[in-house]
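Asker: Can you read through this structure? Questions will come right after.
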Amino acid sequence: MLKLKSVDTAVFVPDQSDEAFALARTTHMCVGAHQDDQEFMAYHGIAACYGSKDLWFSGVTVTDGSGSSRTGLYANTSNAEMMEIRKREQNKAAFVGDYGIQIQLGYPSKAVKDAASLAVVDDLETIFRFAQPDVLYVHNPADKHDTHVAVFLRCLTALRRIPVKERPSTVYGCEIWRSLDWLVDDEKVALDAGARPNLAAALDGVFDSQIAGGKRYDLAVHGRRMANATFFESHAVDATDSLSWAMDLTPLVQDDSLDPLTYTLGYIERLREDVAGRLKRFGG
C-alpha cells in the first residue's frame with residue numbers, strides 16, 4: 001500500500017479489494033477536513049459512482065475528529081473515544097455509499113493549519129499521484145472554517161507538485177461552512193444532488209455522534225440543497241429539488257501562476273459589481 005507519513009492512517013476498502021488496486025481505480029475523489037465532510041459536499045460524486053462498474057468514488061479525510069462538538073449522549077466522550085467513534089462512522093458511510101476506498105489520515109487540526117509542516121502535503125501528493133482522479137471535490141477557499149481552508153491550501157500545494165497531465169481535469173470547491181449562494185449566477189457550478197434521496201439520507205444519518213451530539217447536519221444539508229434548487233431561478237420551475245453549489249477551481253490546479261487569494265477575491269469583486277450594477281439600473 002501507499003507509504004504515508006501519518007502513523008495514524010486508517011484505510012478501509014468496502015469490497016475488500018487490494019488497497020493499491022482500490023485507490024488506482026478512482027475516478028471521483030473528495031478530500032475533506034473532517035469525517036462527514038465528503039458526504040455533505042461531494043454527494044454529487046458519490047451518487048454518480050454508486051452502483052457503477054466503471055466509476056469509483058474515493059474518500060480522504062485529513063483530520064482525526066478530536067475537536068468535534070458533543071452533548072447529550074456524547075457529552076462525556078473523551079477526545080480519544082470520539083476519534084474512534086468518528087473513524088467508525090466514516091467507514092460506515094463508505095460501506096453504505098459503496099466507496100472504492102476510504103483513507104483517514106488522522107492528523108490533528110493544528111498540524112494541517114501549520115503551513116510549514118509538510119507531512120500533510122506529502123501524504124496528499126502521494127495519494128493524488130497514485131489515484132489520479134478525473135474529478136476532485138475539495139473545500140472552497142472562501143469557507144469560514146479555518147481547518148477547511150487549510151486543507152484546501154494543502155491540497156493545492158500537493159496538486160501543483162504533480163505534472164499537469166496527471167492532475168484532475170475537474171476540481172470543485174464545495175460549500176459547507178459558508179454557502180456559495182453569493183456567487184454570481186453564471187459562476188455557480190450546479191451539482192445535482194437529487195439522485196437517490198434514500199442514499200443521501202442514509203449517508204447523512206450515519207454520523208450519529210454529531211447529530212445526537214448537538215448538530216443536526218442531516219437536516220441542515222438537506223435544507224440547504226433544497227433551498228439552492230428553489231432559489232436559483234426566480235422565473236423558471238425547478239429542474240431538480242436538490243442542488244449543491246461549487247466554485248470551479250480547475251484553473252487554479254491547471255495553472256500554477258494563479259494566486260489562490262487573488263482568484264478567490266475575484267469572485268467577491270464580481271459579486272460587488274453585480275450588486276452595484278443592479279442598484280444603479282433601478283435608481284440606487
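The values are calculated or read from the model by the stated rules, or taken from the named source; none is laboratory data. All values derive from a computational prediction rather than experimental measurement. Glycine gets a Cβ as well: all are built from the backbone with ideal geometry, and neighbour counts include every protein chain shown.
Per-residue answers, yes or no, for (1) at pLDDT below 95; (2) in contact with a Leu (Cβ under 9 Å, 6 or more places away or on another chain):
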| position | (1), (2) |
| --- | --- |
| 1 | yes, yes |
| 8 | yes, yes |
| 11 | no, yes |
| 21 | no, no |
| 28 | no, yes |
| 39 | no, yes |
| 42 | no, yes |
| 57 | no, no |
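Asker: Further question on the same structure: Please indicate, with yes or no, whether at least one residue in region 164-186 is of a type in the set (A, V, I, L, M) and free of Cβ contacts under 8 Å to residues at least 60 places away in the same chain.
Answerer: no
Asker: Could you tell me whether residue 196 is surrounded by fewer than 23 Cβ atoms within 10 Å (Cβ to Cβ) and within 21 Å of residue 140 (Cα to Cα)?
Answerer: In short, no.
Asker: Further, regarding this structure: Look through region 131-149, keep the residues that are among the β-branched types (Val, Ile, Thr) and outside any strand (DSSP E or B), and return whichever of them is farthest from residue 261 (Cα to Cα).
Answerer: Across region 131-149, the extreme among qualifying residues is 147.
Asker: Can you confirm whether residue 246 is closer than 28 Å to residue 153 by Cβ and among the aliphatic types (A, V, I, L, M)?
Answerer: So residue 246 passes the test.
Asker: OK, next. If you check every pair at least six apart or on different chains, which have Cβ atoms under 8 Å apart with a residue in region 61-81 that is over 21 Å from residue 137 (Cβ atoms) and surrounded by fewer than 19 Cβ atoms within 10 Å (Cβ to Cβ) first and a residue that is basic (Lys, Arg) and at pLDDT 80 or above second?
Answerer: 69/215
Asker: Out of (1) under 17 Å from the mean Cα position of the chain (by Cα); (2) buried (at least 24 other Cβ atoms within 10 Å of the Cβ), what's the single condition that is false for residue 27?
Answerer: The failed condition is (2).
Asker: Still on this structure: Against the conditions (1) modelled with pLDDT under 95; (2) over 26 Å from residue 55 (Cα atoms); (3) not aromatic (Phe, Trp, Tyr), where does residue 204 fall short? Just the number, please.
Answerer: Status for residue 204: all satisfied but (2).
Asker: Something else: When you go through (1) over 16 Å from the mean Cα position of the chain (by Cα); (2) under 21 Å from residue 258 (Cβ atoms) one by one for residue 155, which number turns out not to apply?
Answerer: (1)
Asker: Let me ask something else. May I ask you to say which residue of 128, 152 is under 26 Å from residue 16 (Cα atoms) and part of a helix (DSSP H, G or I)?
Answerer: Sole residue among the options that is under 26 Å from residue 16 (Cα atoms) and part of a helix (DSSP H, G or I): 128.
Asker: I want to confirm something. Restricting to region 59-84 and keeping residues that are closer than 13 Å to residue 213 by Cβ and out of contact with any Ser or Thr (no Cβ under 9 Å at 6 or more places or on another chain), which single residue is modelled with the highest pLDDT?
Answerer: 81
Asker: Also, quick follow-up: Of all residues in region 78-122, how many are farther than 30 Å from residue 55 by Cα and assigned to a loop (DSSP other than H, G, I, E, B)?
Answerer: Number of matching residues: 7.
Asker: From (1) at pLDDT below 95; (2) among the β-branched types (Val, Ile, Thr); (3) not in a loop (DSSP other than H, G, I, E, B), pick out the condition that doesn't hold for residue 253.
Answerer: The one condition residue 253 does not meet is (1).
Asker: Right, something else. Could you check residue 105 against (1) of a type in the set (A, V, I, L, M, F, W, C); (2) closer than 28 Å to residue 249 by Cβ; (3) at pLDDT below 95 and say which number it fails?
Answerer: (3)
Asker: Give region 112-156 a look and list any residue that's surrounded by fewer than 17 Cβ atoms within 10 Å (Cβ to Cβ), under 20 Å from residue 37 (Cα atoms) and without any contact (Cβ under 8 Å) to a residue 60 or more places away in the chain, or say none.
Answerer: Those that are surrounded by fewer than 17 Cβ atoms within 10 Å (Cβ to Cβ), under 20 Å from residue 37 (Cα atoms) and without any contact (Cβ under 8 Å) to a residue 60 or more places away in the chain: 144, 146.
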